[in-house]
1. When the dipole is taken about the Cα centre of region 1-112, and only Lys, Arg (+1) and Asp, Glu (-1) are charged at their Cβ, what size is it in debye, to the nearest 20?
2. Take the residue pairs Lys15/Lys48; Lys15/Lys62; Lys15/Lys117; Lys62/Lys132 and return only those whose Cα atoms are more than 26 Å apart.
3. Check the straight Cα-Cα distances from Lys119 and name the aspartates and glutamates below 14 Å, setting aside those fewer than 8 residues away within the same chain.
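Only the coordinates and a few stated rules stand behind these numbers; no lab work does. Since the structure is predicted, the reported quantities are computational estimates derived from the model, not experimental observations. Reconstructed Cβ throughout: ideal geometry from the backbone, glycine too, with neighbour counts over all protein chains shown.
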Amino acid sequence: MTNTIESSRAEVLRKAQNRADDLFQRVETNGLIRAGITESQLNEEIYKLAEMEFGIEKYWHKRIVRAGPNTLAPYEENPPDLTIAEDDIVFLDLGPVFEEWEADFGRTFVVGSDPVKRKLRDDIAKAFIEGKEYFRAASRHHRRGALPARAGPGGEIWLGIRRSDRRPPIGAIHARENSG
C-alpha cells in the first residue's frame with residue numbers, strides 16, 4: 001500500500017513539475033522576456049499568463065524576476081526595479097501552486113546573443129542536472145537509512161515540489177529544482 005501511495009504522490013508531483021516547465025516554456029515562446037521593459041512589468045505579464053493559460057492563482061513564495069546586476073541579490077532582498085537591457089541575464093523564480101502542490105522552479109534566460117552569457121546559462125542548467133542526480137542518489141540511499149539527518153526527515157527531496165501548506169526541511173532547500 002505504501003508503494004501505491006508513493007507512486008500516486010510521485011505522479012502528482014511530476015505533473016506539477018511538468019506544468020511549471022510548460023509555464024516557463026510559454027513565457028519564453030511568447031517573447032515575454034525582452035529588452036526595454038521593467039522587471040515588474042515582466043512579473044505582471046507572467047502573472048497574467050499563468051492565471052489565464054494555467055489557472056494559477058496562488059504562489060508559494062514571492063515571484064522573483066531579476067535582470068542584470070539584480071540577479072546577484074539574495075532572495076530576501078527587494079532590489080530596485082530595473083529595465084531589462086539587451087544582452088542582460090534574466091532570472092525567474094516562480095513558485096506556482098497547482099491544486100495543492102507547489103512547483104518551485106527557477107530559470108536563467110539571456111536577452112540577446114552574447115555567447116559568454118549563453119554558455120553560462122547552459123552551464124548552469126548542466127550543473128543543476130548533475131546536482132539533481134546527486135540528490136536523487138542521496139535520497140535513495142537515505143531510504144536505506146544511511147543519508148545524514150541534515151537531508152531532512154523522511155528524505156523529502158522531490159525535485160523541489162512539495163505540498164504548498166508547509167515549509168520544506170532545510171535539506172530540501174538545497175535539492176530544489178532550479179532550472180531544467
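1. Working: 12 positive and 22 negative charges, 41 e Å.
Using Cβ point charges on Lys, Arg, Asp and Glu, region 1-112 gives about 200 debye.
2. Details: Lys15/Lys48 21 Å; Lys15/Lys62 22 Å; Lys15/Lys117 31 Å; Lys62/Lys132 24 Å.
Listed pairs above 26 Å: Lys15/Lys117.
3. Asp87, Asp88
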